[in-house]
1. Any chance you could run the full-extension gain for THR27 through ARG64? It's 0.36 nm times the residue separation minus the Cα-Cα distance, nm to one decimal.
2. How many nm is it between the label spots at VAL3 and SER92, if each spot is 7 Å from the Cα in line with the beta carbon?
3. What share of all Cα pairs of the chain, in percent, falls into each consecutive 10 Å distance bin?
4. Can you give the net charge of the other residues whose Cβ lies under 14 Å from the Cβ of VAL51, counting K and R as +1 and D and E as -1?
5. For the chain, give the magnitude of the charge dipole about the Cα centre (Cβ charges: +1 Lys/Arg, -1 Asp/Glu; no others), in debye to the nearest 20.
6. Report ³J(HN,Hα) in whole Hz for each residue of the range 65-73, in order, from the Karplus equation J = 6.51 cos²θ - 1.76 cosθ + 1.60 where θ = phi - 60°; Gly and Pro get x.
7. By how many nm would the segment from ARG37 to ARG17 grow when fully extended, if each residue of separation counts as 0.36 nm and the alpha-carbon distance is taken off?
8. Among VAL51, ALA61, PHE18, whose Cα lies farthest out toward the positive end of the dipole of the chain, if unit charges sit on the beta carbon of Lys, Arg (+1) and Asp, Glu (-1)?
Amino acid sequence: MLVVHVHVHVRPDCIDRFRQATVANATASVQEPGVARFDVVQQQDDPTRFVLVEVYRTADAPARHKETPHYQAWREAVEPLQAEPRHSVKYSNVFPDDKDR
């Protein structure tokens, strides 16, 4: 499993539009065969900050995700809503892993 945290800082006047576009993307993303989980979380003490927690079944699944129409539509929709460029951090799953199941 590959876990990706995408950190997004949104302009204060764009929170609702960002949430709407991101929930639509997440709803479609969880239907992809390579996506095990796709969470959208919003920071409690700063509602302009979000983290997308994307869990992929294989190392190549993120590239396939970025080719989907829903991802491309999301990217275009949220780009102008961001206060700064988004960034991601990749993690390897430690527990549970496949041998623990």
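1. Here the answer is 11.7 nm.
2. 1.4 nm
3. In whole percents, the pair-distance histogram is 15, 48, 29, 8, 1.
4. +1
5. Once rounded to the nearest 20, the dipole reads 140 debye.
6. Each residue's phi maps through the Karplus curve to give 4, 5, 8, 6, x, 5, 5, 4, 5 Hz.
7. Working: separation 20, 0.36 × 20 = 7.20 nm, distance 2.25 nm.
Result for the pair: 5.0 nm of gain on full extension.
8. The residue sitting most towards the positive pole is ALA61.
Any read-out appearing in this document is the output of simple, stated calculations on the displayed coordinates, not a laboratory observation. Computed from a predicted structure; not experimentally measured. Neighbour counts are summed over all protein chains in view; Cβ atoms, including those assigned to glycine, are modelled from backbone coordinates with ideal geometry.
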